[in-house]
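S.K.: For reference, the structure I am asking about is given below.
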Amino acid sequence: MKIIKIAANVVSSLYRRVFALLLLFASINAAGPQASAAQLLQQASPRPGPTIGRAAVEFQLQTLEGKSINLESYRGKPLVLNFFASWCDPCRDEMPLINELAGNSDKGNYRVLGVAVEDSRAALDEYKKESHLIFPMALDLNNTVKRSYRIFGPPATFFIDAQGVLRDMVLGPLTRERALDGLGKTAAAPKN
C-alpha cells in the first residue's frame with residue numbers, strides 16, 4: 001500500500017512539473033523573442049509581484065514597538081521600503097545611508113521603513129541599538145512580505161510614491177546615487 005502511495009505522489013509531482021514547464025514555454029511563445037527573464041517570470045507567476053508603475057504590493061506587519069502598520073498607513077507621503085537583515089554584510093554597509101535618508105525624511109517629505117527578513121527580534125533589537133538606527137522597523141517573521149516582493153535575499157529597496165505606486169527598486173546594495181534617483185522618481189527629492 002505504501003508503494004502505491006509513493007508512486008502516486010511521484011506521478012502527481014511529475015504532472016505538476018510538466019504543467020509548470022508547459023506554462024513557461026507558452027509564456028515564452030506569447031512574449032516573443034524580446035521578452036526578458038524577469039518578464040517571463042512575472043507572466044508565469046500566479047501572484048503579481050512588484051512592478052514599476054503599478055500599485056505596490058500591500059503588506060501587514062508590526063513594528064518593533066508593537067504598532068500595526070501596512071502600506072496604506074504610509075499613503076500620502078512617498079516611502080523608502082528597505083528589506084535587510086542584521087547578519088547581512090551588504091545590508092550593514094548600506095545602513096548608514098538608510099539612516100541618513102531617514103534623518104532627512106522630514107525635510108524631503110517622505111518616510112523610511114525597514115523590514116527585517118530572515119532575522120530574530122533579539123538580533124534586530126541589538127542591531128538597532130548598536131547601529132543607532134532612527135527609522136521604524138518591522139520584522140517579517142514568516143517572510144510573507146519578502147515573498148510578496150519577490151526578494152531572494154537582502155538587501156532590497158523599493159521607492160513608493162505618495163499614492164502607493166512603485167516608482168523604482170534596487171535589488172542589492174543601495175548607493176547614494178541610486179537612492180537619490182529613486183527618491184526623485186517618487187517626487188520626494190531631499191532638500192539640502
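S.K.: Between a first residue in the range 179-192 that is under 18 Å from PRO155 (Cβ atoms) and a second residue that is of a type in the set (Lys, Arg) and at pLDDT 80 or above, which pairs have beta carbons less than 8 Å apart while being 6 or more apart in sequence or on different chains?
M.R.: Filtered contacts from the range 179-192: GLY182/ARG167.
S.K.: Under 7 Å between Cβ atoms, which residue pairs at least 6 apart in sequence (or on different chains) link something in the range 97-119 that is in the same structural domain as ASP161 (by TED's automatic domain parsing) and more than 18 Å from ARG178 (Cα to Cα) with a partner that is of a type in the set (A, V, I, L, M) and in a helix (DSSP H, G or I)?
M.R.: VAL115/VAL145; ALA116/LEU124
S.K.: Something else: Examine the range 121-135 for a residue that is touching a residue at least 12 places away in the same chain (Cβ under 8 Å), in a helix (DSSP H, G or I) and under 26 Å from THR51 (Cβ atoms), and state whether such a residue exists. Before the answer, list the steps.
M.R.: First, the residues of the range 121-135 that are touching a residue at least 12 places away in the same chain (Cβ under 8 Å): 121, 123-128, 131-135.
Going one step further and asking which of them are in a helix (DSSP H, G or I), we end up with 121, 123-128, 131.
If we keep only those that are under 26 Å from THR51 (Cβ atoms) too, we end up with none.
No - not one qualifying residue is present in the range 121-135.
S.K.: Let me ask another. Select from the range 135-170 the residues that are crowded, with 18+ Cβ neighbours inside 10 Å and more than 20 Å from SER105 (Cβ to Cβ) and list them in ascending order.
M.R.: LEU139, ASP140, VAL145, LYS146, TYR149, ARG150, ILE151, PRO154
The values are calculated or read from the model by the stated rules, or taken from the named source; none is laboratory data. All figures in this text were calculated on a predicted structure; none of them were measured in a lab. All Cβ positions, glycine included, derive from the backbone under ideal geometry; neighbour counts span all protein chains shown.
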